[in-house]
Amino acid sequence: MQIRTRLTVQFSLLVSGILLITFLAIYFFSYYNVTEDFYDRLRSKAKSQAELLLKVPQVNTEVLKALDETNRDLIYDENTFIFDEKNRLIYSNLTNADKKSIHVSNYWLDEIRKSGQIRYKDGDYKVVGLYYKYPFNRAVVMLGAKDLYGQANLSNLSTLLTVLYFIVTIIVAIVGWIFSKRALRPISKVMNAVEGILPQKLDTRLEVPNQKDEIGRLTTTFNKLLDRIETAFQMQKIFVANVSHELKNPLTKIRSQLEVSMLKERNTADYQLTIRSVLEDIQELAQLSNTLLELAKVSEDQRDLLTETVRVDDLILDCRQNLAEANPNYNILLNFDELPEDDTWLEITGNSTLLKTAFINLMDNACKFSDNNTVNVGLQSLGNSLKLRFSDNGKGIPSEDQNLVFQPFYRSDNTANIKGYGIGLSLVERIVKLHNGTVTINSNQPKGTTFLVTFSRL
């Protein structure tokens, strides 16, 4: 079911429900007022007839009957009975030929004397019973009649309300259909605009008519989504271009060396030299491929890799040993002076292999870009977090480049003369985020850079 149809149905049901409750309330109160008014009229006439018969000596049953006949048009099919204390009928407006329409029994007469006044329904008749007391006379008056006028009014009211209910419901459904179309028109415009945005036109943005209403907020959300998609596409293009470039260089070198070797016969030493050079290029390709695979494998949703309890200080010592063995000219200085007495404060839940890759990358970068191949590594435990600092004394990273160095294959102008692919820091950032951490860059004075890694244990 479309939203427009659903809104129309819901709006119609809501309004028709309120209307139904309102009309039922009107009918109920009208019925109550008509009934109470008729009983009041019966009670008033019963009392007046008893007073005329018992208090006025000049009025007898014949006179009372004559007076009653003059007012017969006010109450339809009236049945009046007056009984004395011995339950003897002393007055009735019915003749011998008339048939009683209400049932009279000693039970009702006794109930009237006990209560003083009662009312009840006897078939289509409404009956009022009064116990009239006069200093010298007491009597029970029973008066019953049909409320034809009230029933006719209630029937007309019921018909009117029913017809109005269906008419108003139909009008509400039509109006709801029209207004739902108007209400959804901005959404339709947004949908049409979004459908017109192609991959070749990701710079297109939706027009925001009013940022304060829901449609404006939805349009703003779409625009932010388009910003992220455009950024992702741009990064993908840059990534593909950089990968192609990085793969092209060693492949071109390999091809060129092999083609040169085939131009003429050479001695064994020349061939061995060419083979060693090609092997170096192949090793460079293998390293690049492995780095790309590691980058592709690490993402923030791979929490199932974090299954170990890793002690960070021991892991740093292992990284220093491995890096020093591979690069004897590197100088790795550790500052562990502020470690807590409780060793558990140095532990985090994670993956030792991934963390080792991240720390070695940070140490290797610091040593490569330092003038004296030196890196200072500091470790500090602060409450619910662990902080690691990797500082070098190189040229530093310009402030405009600090937000870009974590993108794959990005390399600033300061690193153009140093071998690398620009993937290491991107891999470091992903590994740190996977371990619920952050990595930031601080510039040292007067030169150098510090990478600050913070792990939260919460």
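Just a few scattered comments:
- Annotation note: of LEU334, LEU404, the sole residue that is under 17 Å from LEU452 (Cα atoms), at pLDDT below 80 and surrounded by fewer than 16 Cβ atoms within 10 Å (Cβ to Cβ) is LEU404.
- GLU265 being outside any helix (DSSP H, G or I), modelled with pLDDT of 75 or more and surrounded by fewer than 14 Cβ atoms within 10 Å (Cβ to Cβ): yes
- Top-ranked residue of the range 370-397 - restricted to ones that are surrounded by fewer than 13 Cβ atoms within 10 Å (Cβ to Cβ) and not acidic (Asp, Glu), ranked as modelled with the lowest pLDDT: GLY383
- Pick from the range 48-78, criterion closer than 30 Å to LEU157 by Cβ and buried (at least 16 other Cβ atoms within 10 Å of the Cβ), ranking: modelled with the highest pLDDT: GLU78
- Of all residues in the range 110-127 being in contact (Cβ under 8 Å) with a residue 60 or more places away in the chain and either in contact with a helix residue (DSSP H, G or I) (Cβ under 7 Å, 6 or more places away or on another chain) or among the acidic types (Asp, Glu) (or both), the one that is nearest to ILE75 (Cα to Cα): LYS126
- Reported count of residues in the range 160-190, each being farther than 29 Å from PHE23 by Cα and exposed (fewer than 13 other Cβ atoms within 10 Å of the Cβ), is 3.
- In summary, THR440 fulfils each of the numbered conditions (1) surrounded by fewer than 16 Cβ atoms within 10 Å (Cβ to Cβ); (2) more than 37 Å from the chain's Cα centre (by Cα); (3) modelled with pLDDT of 85 or more; (4) of a type outside the set (A, V, I, L, M, F, W, C) with the single exception of condition (2).
- Qualifying positions in the range 130-153 - surrounded by fewer than 16 Cβ atoms within 10 Å (Cβ to Cβ) and either under 60 Å from the mean Cα position of the chain (by Cα) or among the acidic types (Asp, Glu) (or both): LEU148, TYR149, GLN151, ALA152, ASN153
- Some residue of the range 310-322 being at pLDDT below 90, touching a strand residue (DSSP E or B) at 6+ places or on another chain (Cβ under 7 Å) and either small (Gly, Ala, Ser) or more than 18 Å from VAL453 (Cβ to Cβ) (or both): no
- Search result, residues across the range 311-325 that are in contact with a helix residue (DSSP H, G or I) (Cβ under 8 Å, 6 or more places away or on another chain) and of a type in the set (S, T, N, Q): ASN322
- Enumeration of residues in the range 9-37 that are surrounded by 12 or more Cβ atoms within 10 Å (Cβ to Cβ) and either aromatic (Phe, Trp, Tyr) or not in a helix (DSSP H, G or I) (or both): PHE11, PHE23, TYR27, TYR31
- The C-beta contact set for the range 332-347 (first residue farther than 14 Å from ASP314 by Cβ, second residue at pLDDT 85 or above and of a type in the set (S, T, N, Q), distance under 6 angstrom, 6+ apart or interchain) comprises LEU333/ASN376; GLU338/GLN380.
- Beta carbons closer than 8 Å, at least 6 apart along the sequence or on distinct chains, pair a first residue in the range 6-35 that is β-branched (Val, Ile, Thr) with a second that is buried (at least 16 other Cβ atoms within 10 Å of the Cβ) and outside any helix (DSSP H, G or I) for VAL34/ASP147; THR35/LYS126; THR35/ASP147.
The values are calculated or read from the model by the stated rules, or taken from the named source; none is laboratory data. Because the structure is predicted, anything quoted here is derived from the model rather than measured. We place every Cβ from the backbone using ideal geometry, glycine too, and count neighbours over all the protein chains shown.
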